[in-house]
Amino acid sequence: MYRGEVVSLNQDTLLNGVGLTLSAYKNTDTYDSNAIFGHSITVEMFKANPGKYWDDLHLISKGTRLRCVKLERYFSSVGSDYVVSAEILDGDFKGKVVCINPVWGDVNKKGSLKLGPYSLVHPVEQ
């Protein structure tokens with residue numbers, strides 16, 4: 001993966017705040033979706049009743065294009081990981097910057113970042 005690369009969603013995906021996911025939850029001081037619903041919210045559950053959940057949970061359609069705008073290596077005392085930020089290029093959320101996960105690579109080796117077999121996105125031929 002590289003900055004500026006355009007990718008596309010492999011399937012309908014939830015936008016939970018700024019993160020793309022297939023299974024969403026929200027836990028704050030005043031709201032615990034797992035306590036309310038008993039489990040995480042799936043794409044199918046959201047499609048069946050989109051108004052039932054929290055305000056910053058949305059559905060992003062399969063095929064939506066995103067442009068990688070920032071690739072970061074994150075290091076902490078509990079581990080390290082990549083963080084990939086991408087701008088949505090299509091639909092209602094055009095221009096919004098979101099996080100793409102999961103991605104693979106050795107954070108100690110620059111240039112090793114890649115999409116894995118279970119990635120939410122695939123590269124778009126340009």
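Summary of values
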item: Residue match in region 24-41 (condition: at positive phi and under 12 Å from the mean Cα position of the chain (by Cα)); result: no
item: Looking only at region 2-19, and only at residues there that are of a type in the set (Gly, Ala, Ser) and more than 15 Å from Glu125 (Cβ to Cβ), the one that is farthest from the chain's Cα centre (by Cα); result: Gly17
item: Residue within region 67-85 that is of a type in the set (Gly, Ala, Ser), under 21 Å from Val121 (Cα atoms) and in contact with a strand residue (DSSP E or B) (Cβ under 7 Å, 6 or more places away or on another chain) present; result: yes
item: Filter result (free of Cβ contacts under 8 Å to residues at least 40 places away in the same chain, of a type outside the set (Val, Ile, Thr) and under 11 Å from Asn16 (Cα atoms)) within region 35-57; result: Tyr53, Trp54, Asp55
item: Conditions (1) modelled with pLDDT under 95; (2) more than 27 Å from Glu125 (Cβ to Cβ); (3) not β-branched (Val, Ile, Thr); number of the one not met by Lys47; result: (1)
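The values are calculated or read from the model by the stated rules, or taken from the named source; none is laboratory data. Here the structure is a predicted model, which means the values were calculated and not measured. Ideal geometry is used to build each Cβ from the backbone, glycine not excepted, and the neighbour counts take in all protein chains shown.
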